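Only one structure is covered here, and it is reproduced in the block below.
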Amino acid sequence: MTTTARAVLLTDSADTALADAAGILQLDVVLVRPASELPAAIDAHASARAVVVSTDDPSLLRAIVEHASARRIPVVLAGENDVAYRRAIEFRVDDWYLAPASAVEISWRIRSALARVAAQAFGYSHRVDRVEYEEMLYDPLTGMPTLPVMLERTRGLIKDRGEVIIHYLNFVRYSKIEEIYGWEKLDQVLETTAAAVHEFLESRSLGTTRMMVGFPNDDDFIFLQIPDKGQPVPTEAQITEAGRQLQLFVGNRLEEVHGEDVSSLFEIFIGSSHVYYTPKIRFERLIYRGVREAANAARSVEQRERVRRTATLKGVLHEGSVYIDFHPIVLAETGEIFGYEALARGVPRNLRSPEVMFEVAAEADLVWELSRLCRARALAGAKELLKGDQLLFLNVDPHDFADPGFGVLDSIDPRRIVLEITERTAIKDYPKFRERLRSFRERGFRFAVDDAGSGYAGLGSIANLEPDFIKLDISLINSIDTNFIKQNLVETMVGFATEQGAMVIAEGIERAEELDTVKRIGVPLVQGFLLHHPARAGAVAGAHAGRE
Amino acid sequence: MDRSSAPSILVVDDNDDNAEIVRALLEARGFPVLVAHDGDQAMALFESARPSLVLLDVLMPGRSGWEVCRLMRQHPEHGRSVRIIMLTALAEWNDKQSALQTGADDYITKPIDLADLELRVRRNLALVTPHA
């Protein structure tokens, strides 16, 4: 090498193996910076060749990947567990390894990341790389072109018109959908979304050329609007109105296709920016700057909506405007109703989803109040609903146990109540938490671990809670009939539960094939739309009586 | 089974001996088999031959099996319909969850039991919708 510039490896990790790996790769310097400073360091060091990150902060990781990919520098993730590996996929880092790793392995990972990025930059000879290249240009799921392609296509048009409006569509909580239902479901939802957005834009004649772009951030889209010659650019009010209609349109479509539970999670925030063409600034920079502005605008819309929703929630708490849907849990063999899970929903449409409602409450520090209201409603409804020895399954947050008002029930026998604790909530102090559970157990309450097998904790931590019921994560049930790994995991869980003296519940059963499969595996209890939809207490009792 | 219409299988393993044993077994059962020795070769064969099923070793130099699995799943035309079985020495709860996350349909633990391999290949192929 004749170059005098010193090749730099940037990292936030103090792992000494990195220095050796850099040596193998003939990189001159390893610069260690705190993760929060890496995005700036990437911009600042022209001689940076690669970035190795170990941070587990998703927003930092996202920023680092964005900065690095803007400069075509590969990012390699050094992860400490398999969560890192999922992050690697989610954030599209160029490669990853499980730390600690040997210097040789690290150098391999960096080398392959370098090769990949170089291949992307300098054109493709190899067929394999072409596949990846196309993937970079066209989002495989939505079939939408990505930003670099769109810039090439629109360069002339934008120069000609002299201005362009960039809309940034921020779809929030899509990661929640993945978390709850698994990636297959998220793929389907994204497909539906993209199709609906297309259809919405097609149906409107705005006298403009509209271009849709898939953005590398998975769940966001960019939309370039180039007004036709002689047509005025849309006003702020027009943009806001169009955004509102789009949200409604896509929301309705999602509800049609995927049901209310999914659609009520859905939200979209639109920010826009107006970019004027100037030959003095490089076209790409102009557009990327506009995209960033639009993204910021979308974020501030989101902020405003948050404030509005907190106000709505306070209203809900004041007026007690929540209602409860009861979702039957049945015996797999006979279809007999074994119990009901209480699902609390806010009356205002934007708080219909329990997930969203509790998310807002957590932000506003109102979880206890909301929990109390929901519990009181659920118990009141259950009183008339429960027949024979049917049980009521109540979702509780581990923090609820610290609420002095929790567990004081005079309306209903604690032995009829199963408290569901989600595996998703990190429980920090297990011994203390188990102590709390014990006092409840002594009074007759039973416990279920919700979302078991969602990957947040292993079987050990489930055993720790000594549950009476284990509710399998929905993602394990979705398409279980065609996935043998899911079948194996559920089999393992059934065996484990039997050892622990617990009963397994498979929720999210939507298809007959899924029901057949879990029955064959020996899951005793099932729940899902295939069997029953959630319904208000009166409606459930009515339907139940009607069948008898 | 008629050889020409039998679904083809792509075996990806950097260890030649392993790959050849698997090839011999599957060919003896009438399946057309392709072998790739690393991830890039696997992607090239995947693109050109469009196999119905892929047997994919996890630990390979270069692209790991996980990564290859993910790339295959993202293929716009063929990514959804292909069945992918991971070959792995690791079969703890978390490894299986990782396999799920990348989009694998099944897994076989190493060392490979040939009867088990055949069973799993057949039950996965049974789920492939026949192309017209």
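The values are calculated or read from the model by the stated rules, or taken from the named source; none is laboratory data. Everything quoted here is computed from the prediction, not taken from an experiment. Methodologically, a virtual Cβ is constructed for each residue, glycine included, from the backbone with ideal geometry; neighbour enumeration extends over all protein chains shown.
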Give me the residue from segment B:110-128 that is within 11 Å of chain A (Cβ to nearest Cβ) and assigned to a loop (DSSP other than H, G, I, E, B) and, out of that set, modelled with the lowest pLDDT. B:Val128
Within segment B:22-43, is there a residue that is in contact with a helix residue (DSSP H, G or I) (Cβ under 9 Å, 6 or more places away or on another chain), surrounded by 18 or more Cβ atoms within 10 Å (Cβ to Cβ), among the small types (Gly, Ala, Ser) and closer than 25 Å to A:Asn478 by Cβ? no
Those residues of segment B:72-109 that are more than 7 Å from chain A (Cβ to nearest Cβ) and either part of a helix (DSSP H, G or I) or surrounded by fewer than 17 Cβ atoms within 10 Å (Cβ to Cβ) (or both) come to a total of 13
Would you call A:Leu317 touching a residue at least 12 places away in the same chain (Cβ under 8 Å), surrounded by fewer than 19 Cβ atoms within 10 Å (Cβ to Cβ) and within 24 Å of A:Thr422 (Cα to Cα)? yes
Residue ranges of helices (runs of 4 or more DSSP H) in segment A:440-542 with at least 1 members in the same structural domain as A:Pro328 (by TED's automatic domain parsing) and under 18 Å from A:Asn395 (Cα atoms): A:459-464, A:474-477
Please verify whether A:Glu191 is out of contact with any Phe, Trp or Tyr (no Cβ under 9 Å at 6 or more places or on another chain), modelled with pLDDT of 70 or more and not hydroxyl-bearing (Ser, Thr, Tyr), treating the condition exactly as stated. yes
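Take A:Glu319 and decide whether it is modelled with pLDDT of 90 or more and out of contact with any strand residue (DSSP E or B) (no Cβ under 9 Å at 6 or more places or on another chain).
Details: modelled with pLDDT of 90 or more: yes; out of contact with any strand residue (DSSP E or B) (no Cβ under 9 Å at 6 or more places or on another chain): yes.
Yes; evaluated as a whole, the condition is true for this residue.
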Checked against (1) surrounded by fewer than 15 Cβ atoms within 10 Å (Cβ to Cβ); (2) modelled with pLDDT under 75; (3) within 14 Å of chain B (Cβ to nearest Cβ), A:Glu202 satisfies every condition except (3)
Flag for A:Asp451 being out of contact with any Lys or Arg (no Cβ under 9 Å at 6 or more places or on another chain) and either touching a residue at least 24 places away in the same chain (Cβ under 8 Å) or under 19 Å from A:Tyr340 (Cα atoms) (or both): no
For B:His131, all conditions in the list (1) at pLDDT 90 or above; (2) more than 9 Å from every other protein chain (Cβ to nearest Cβ) hold save one; what is the number of the exception? (1)
Kindly provide the set of residues from segment A:328-361 that are out of contact with any helix residue (DSSP H, G or I) (no Cβ under 9 Å at 6 or more places or on another chain) and not β-branched (Val, Ile, Thr), ordered by number. A:Leu331, A:Gly335, A:Glu336, A:Phe338, A:Glu341, A:Arg349
Taking the options A:Val76, A:Val51, name whichever one is closer than 21 Å to B:Val58 by Cα, of a type in the set (A, V, I, L, M) and buried (at least 23 other Cβ atoms within 10 Å of the Cβ). A:Val76
Restricting the search to segment B:21-51, which residues are in contact (Cβ under 8 Å) with a residue 24 or more places away in the chain, small (Gly, Ala, Ser) and within 14 Å of chain A (Cβ to nearest Cβ)? B:Ala36, B:Gly39, B:Ala42, B:Ala49
Counting only residues that are assigned to a loop (DSSP other than H, G, I, E, B) and either over 20 Å from the mean Cα position of the chain (by Cα) or not assigned by TED's automatic domain parsing to the domain that holds A:Gly162 (or both), how many does segment A:258-307 have? 6
Yes or no: A:Ser461 on the phi < 0 side of the Ramachandran plot, among the hydroxyl-bearing types (Ser, Thr, Tyr) and in contact with an Asp or Glu (Cβ under 6 Å, 6 or more places away or on another chain)? no
